[in-house]
Amino acid sequence: MGIYLNPGNENFRRTLAADIYVDKTGMIAEMNKFIDKGNNYVCISRPRRFGKTIAGNMLSAYYSKGCDSRELFAPFKIAKDPCFEERLNKLNVIKLDMNSEYQNTVDKNGLIKRITREIKAEMIKEFPGAGILEDDSLGQSILRVYSATGETFVIIMDEYDVLVRENVPETLFAEYLSFLNGLFKSDTLRPAISLAYLTGILPVVRDKVQSKLNNFREYTILDAKELAEYIGFTGKEVENLCNKYGIDYEECRRWYDGYRQHGYEIYNPESVVQCIENKDFGSFWGITSTYEAIAERIRANFEGVREDVISMIAGENVDVNITRYMNTMNSFFTKSDIFTYLIHLGYLAYNREDKTCRIPNKEVRQEWFNAIETESEYKETNKIINDSKNLLKDTIAGDEEAVASALDRSHINVTSNRSYNNEDALQSAIYLAYIYALNEYTVIKEMTTGKGFADVVFIPFKENRPAMIIELKRNSCTESAIDQINEKKYFTSLEHYKGNLLFVGINYDEKEKTHTCRIEKFDKE
């Protein structure tokens with residue numbers, strides 16, 4: 001058992017010893033299929049704390065000849081799979097955590113040489129008759145072992161992109177590219193590699209690095225294909241955990257759900273585990289990252305960024321073109337580049353069906369609030385966010401003047417002069433003014449209710465808040481809005497809601513550019 005070559009299974013053993021473990025061993029069967037089919041170069045990219053490292057430790061524990069992991073895997077799904085015995089602890093594993101190696105190396109410029117030297121030393125000890133030479137690269141050393149013994153290797157490289165994300169010297173970056181090229185671009189060497197498994201936050205960089213890794217199958221936060229259920233917790237897994245530990249599943253969904261892939265609801269595992277262990281809901285993922293990643297990018301303020309950010313904070317989806325971004329830390333030329341980058345970091349979620357992005361959940365929305373709090377371009381937006389808590393309180397209390405005044409401010413900040421009188425802009429103003437309500441309500445636009453469509457409906461998460469039906473009018477009066485709610489019986493679609501209702505009629509005067517409001521309480525029998 002070595003440090004890099006054929007490591008033990010202690011890391012995975014520690015994972016299993018934790019109070020909470022979700023069985024992801026089915027991923028091993030998928031990797032075995034990749035090996036059998038020959039499409040065995042895999043790159044998985046996900047945001048921080050989505051389980052990439054744990055998956056790598058699991059694969060290492062399964063394949064590595066440096067340990068006996070039969071007992072560890074016996075209780076889990078993979079042990080019942082027909083492929084389980086075939087490669088259990090039968091392959092040579094080379095495992096690298098590039099982030100750890102980089103951060104713990106004093107001489108950064110000598111990083112690649114040191115890694116190569118130490119792995120080779122372990123290989124020479126393990127395979128003394130392979131004829132590994134002093135000036136051999138790591139790829140050449142692997143090839144000599146394969147030629148002499150016929151044994152193949154699994155290469156697991158965690159955080160492969162750390163040298164892309166960090167501001168490293170050009171000479172080190174060039175040496176790293178040569179290192180990758182020597183391992184993964186040689187047809188001669190490929191038969192000696194049973195599986196190459198890379199993880200990172202960013203997908204393969206599309207300028208300098210892609211040529212070295214363009215033979216890898218990519219599984220990203222944009223499209224994880226058949227591996228969608230294995231990196232991150234699925235909705236069903238989270239529901240089972242909530243039932244087991246007495247956690248409110250619906251509240252957990254509001255806080256941590258939002259990343260959808262191929263029919264799966266994907267959750268950040270770190271946040272869910274922290275929530276269960278602490279018996280509380282909070283922004284746990286934000287502790288491990290920083291909202292500065294958001295703030296730094298929205299400062300660029302490409303045309304339309306500010307307007308789209310406001311729309312997303314108000315709960316809406318915005319269009320995004322994910323095809324242009326070069327997967328680097330500095331190639332930002334459009335707002336879509338910025339949004340795609342933030343999708344990969346987990347601050348936005350991508351909808352593949354309609355090609356839009358959104359803020360995924362309550363936890364991440366708080367990070368956006370933090371990011372814009374000190375940004376001068378978003379000063380007015382931040383003020384509206386802070387005011388919105390009082391606005392919700394005033395609405396519930398029936399303070400019609402306060403509601404109208406808040407909508408005046410909100411409407412100005414989400415519309416241009418050209419679109420000021422657009423009905424969609426009025427709805428956006430409603431969303432923005434009630435941003436705080438997103439912490440306590442599900443907001444539905446144009447909800448089918450009674451004999452028509454209610455403009456906006458607020459359904460509370462908990463029964464200590466009234467539901468709200470909002471009807472919008474232009475150049476009319478608030479009375480007609482209230483009358484329409486009653487006449488078309490919009491409230492009938494909320495018959496399963498047990499609490500009381502508020503009918504909120506809002507009229508916008510195009511000439512004066514002001515709003516009026518009327519609020520009525522409706523007590524359900």
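The values are calculated or read from the model by the stated rules, or taken from the named source; none is laboratory data. If you're wondering where the values come from, they're calculated on a predicted model, not measured in any experiment. Cβ coordinates were reconstructed from backbone atoms using ideal geometry, including for glycine residues, and neighbour counts include every protein chain displayed.
Take Leu16 and tell me if it is under 21 Å from Tyr146 (Cα atoms) and of a type outside the set (Phe, Trp, Tyr). Here the answer is no, as Leu16 does not meet what is asked. Tell me, please, whether a residue that is modelled with pLDDT under 80, charged (D, E, K, R) and touching a helix residue (DSSP H, G or I) at 6+ places or on another chain (Cβ under 8 Å) can be found in the range 390-399. Taking every residue of the range 390-399 in turn, none turns out to be modelled with pLDDT under 80, charged (D, E, K, R) and touching a helix residue (DSSP H, G or I) at 6+ places or on another chain (Cβ under 8 Å). In the range 318-338, the count of residues that are closer than 23 Å to Tyr264 by Cβ and crowded, with 21+ Cβ neighbours inside 10 Å is one or more. When the residues of the range 368-381 are filtered to those that are crowded, with 22+ Cβ neighbours inside 10 Å and within 18 Å of the chain's Cα centre (by Cα), the one that is farthest from Ala437 (Cα to Cα) is Ala371. Residues in the range 460-481 that are out of contact with any helix residue (DSSP H, G or I) (no Cβ under 6 Å at 6 or more places or on another chain) and among the basic types (Lys, Arg): Lys462, Arg465, Arg474.
Does Leu426 qualify as being within 23 Å of Val305 (Cβ to Cβ), in a helix (DSSP H, G or I), in contact with a Phe, Trp or Tyr (Cβ under 6 Å, 6 or more places away or on another chain) and modelled with pLDDT under 75?
In short, yes.
The set of residues in the range 42-65 that are part of a loop (DSSP other than H, G, I, E, B) and surrounded by 20 or more Cβ atoms within 10 Å (Cβ to Cβ) comprises Arg46, Pro47, Arg49, Phe50, Gly51. Scanning the range 498-514 for residues that are closer than 27 Å to Asn439 by Cβ and either in contact with a helix residue (DSSP H, G or I) (Cβ under 9 Å, 6 or more places away or on another chain) or not assigned by TED's automatic domain parsing to the domain that holds Val443 (or both) yields Leu501, Leu502, Phe503, Val504, Gly505, Ile506, Tyr508.
Selection within the range 19-41: residues that are assigned to a loop (DSSP other than H, G, I, E, B) and without any contact (Cβ under 8 Å) to a residue 24 or more places away in the chain. The member of this set that is nearest to the chain's Cα centre (by Cα) is Tyr21.
Let's see how each residue does on (1) at pLDDT 95 or above; (2) touching a Gly at 6+ places or on another chain (Cβ under 6 Å):
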{"residue": "Gly56", "(1), (2)": "yes, no"}
{"residue": "Cys67", "(1), (2)": "yes, yes"}
{"residue": "Asn92", "(1), (2)": "yes, no"}
{"residue": "Gln103", "(1), (2)": "no, no"}
{"residue": "Asp107", "(1), (2)": "no, no"}
{"residue": "Glu118", "(1), (2)": "yes, no"}
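Is it true that some residue in the range 284-306 is surrounded by fewer than 22 Cβ atoms within 10 Å (Cβ to Cβ) and within 21 Å of Glu237 (Cα to Cα)? Yes, there is a match, as at least one residue in the range 284-306 is surrounded by fewer than 22 Cβ atoms within 10 Å (Cβ to Cβ) and within 21 Å of Glu237 (Cα to Cα).
Condition first: assigned to a loop (DSSP other than H, G, I, E, B), touching a strand residue (DSSP E or B) at 6+ places or on another chain (Cβ under 6 Å) and modelled with pLDDT under 85. Now tell me which residues in the range 308-335 satisfy that.
Gly315
Does Tyr160 satisfy the criteria of being crowded, with 16+ Cβ neighbours inside 10 Å, in the same structural domain as Pro47 (by TED's automatic domain parsing), assigned to a helix (DSSP H, G or I) and touching a helix residue (DSSP H, G or I) at 6+ places or on another chain (Cβ under 8 Å)? Against the criterion (crowded, with 16+ Cβ neighbours inside 10 Å, in the same structural domain as Pro47 (by TED's automatic domain parsing), assigned to a helix (DSSP H, G or I) and touching a helix residue (DSSP H, G or I) at 6+ places or on another chain (Cβ under 8 Å)), Tyr160 does not qualify.
Within this structure, Leu5 passes the test of being touching a helix residue (DSSP H, G or I) at 6+ places or on another chain (Cβ under 8 Å) and not assigned by TED's automatic domain parsing to the domain that holds Phe184.
Considering each of Glu377, Glu303 in turn, give the residue that is over 19 Å from Glu265 (Cα atoms), modelled with pLDDT under 85 and not in a loop (DSSP other than H, G, I, E, B).
Within the list Glu377, Glu303, the selection yields Glu377.
Looking only at the range 235-273, count how many residues are surrounded by fewer than 19 Cβ atoms within 10 Å (Cβ to Cβ) and on the phi > 0 side of the Ramachandran plot. So the count comes out to 3. With respect to Asn99, is the statement that it is buried (at least 16 other Cβ atoms within 10 Å of the Cβ) and either part of a helix (DSSP H, G or I) or out of contact with any strand residue (DSSP E or B) (no Cβ under 8 Å at 6 or more places or on another chain) (or both) true? Answer is yes for this residue. When you scan the range 250-267, do you find a residue that is of a type in the set (Val, Ile, Thr) and free of Cβ contacts under 8 Å to residues at least 12 places away in the same chain, even just one? No, because not a single residue in the range 250-267 is of a type in the set (Val, Ile, Thr) and free of Cβ contacts under 8 Å to residues at least 12 places away in the same chain. Could you tell me whether the range 209-218 includes any residue that is assigned to a helix (DSSP H, G or I), assigned by TED's automatic domain parsing to the domain that holds Leu96, within 25 Å of the chain's Cα centre (by Cα) and buried (at least 20 other Cβ atoms within 10 Å of the Cβ)? Checked against the condition, which is being assigned to a helix (DSSP H, G or I), assigned by TED's automatic domain parsing to the domain that holds Leu96, within 25 Å of the chain's Cα centre (by Cα) and buried (at least 20 other Cβ atoms within 10 Å of the Cβ), the range 209-218 yields at least one hit.
Residues being touching a Ser or Thr at 6+ places or on another chain (Cβ under 7 Å), closer than 30 Å to Phe281 by Cβ and either in a loop (DSSP other than H, G, I, E, B) or assigned by TED's automatic domain parsing to the domain that holds Ile343 (or both) are entirely absent from the range 234-250.
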